[in-house]
Amino acid sequence: MNASGSPIDSVYKSLDPFAPGNMVLGQRFTEGNSGLMAWLRTYESTPPTITPQPKLLVERIGLFPSSGDIRRMVGNPVALLEYLRALYASEALDVDDSDGLSLTFTEWRFKICPAQSEILLKVESRGDVALMQKKTAELLDRIEEKNSRESW
């Protein structure tokens, strides 16, 4: 067991998945996954004597609440990414442009992946559901604001 007291965290190589470039079971967070599926695959083979598995899953989800994948149609995905970068990058701890735009802040992060005429948004926070919901609404408002100015 580790300092946080959570048996789940002992599965992870790092206690802080928000740290830029952190690895979880060999998968980078910047590759667009939270590591939850890798954790589940690993944990399935662990004896269930520690704590009931559903309880651990709920605990893990509660530590890092997520908006899930939100799709929005946009006129110009590239312009939208630049717009959001200009608004948020100066406050970010880490900026990653390798697959869309990923920005990590102290207590939350978001990722936007562009497609032909739509974007995929995911917002996560560090144990704060209200913050995640607030930032999700804020980003969706910014996306709508930029999208309404773009001509289709």
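Laboratory data are not the source of any read-out in this text; all were calculated from the coordinates shown. Here the structure is a predicted model, which means the values were calculated and not measured. Cβ coordinates were reconstructed from backbone atoms using ideal geometry, including for glycine residues, and neighbour counts include every protein chain displayed.
Quick look at the numbers
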| read-out | value |
| --- | --- |
| Breaking point among (1) of a type outside the set (A, V, I, L, M); (2) in contact (Cβ under 8 Å) with a residue 40 or more places away in the chain; (3) farther than 19 Å from Pro77 by Cβ, for Glu107 | (2) |
| Residues that are charged (D, E, K, R) and either within 18 Å of Ala92 (Cα to Cα) or buried (at least 19 other Cβ atoms within 10 Å of the Cβ) (or both), drawn from region 107-127 | Glu107, Arg109, Lys111, Lys122, Glu124, Arg126 |
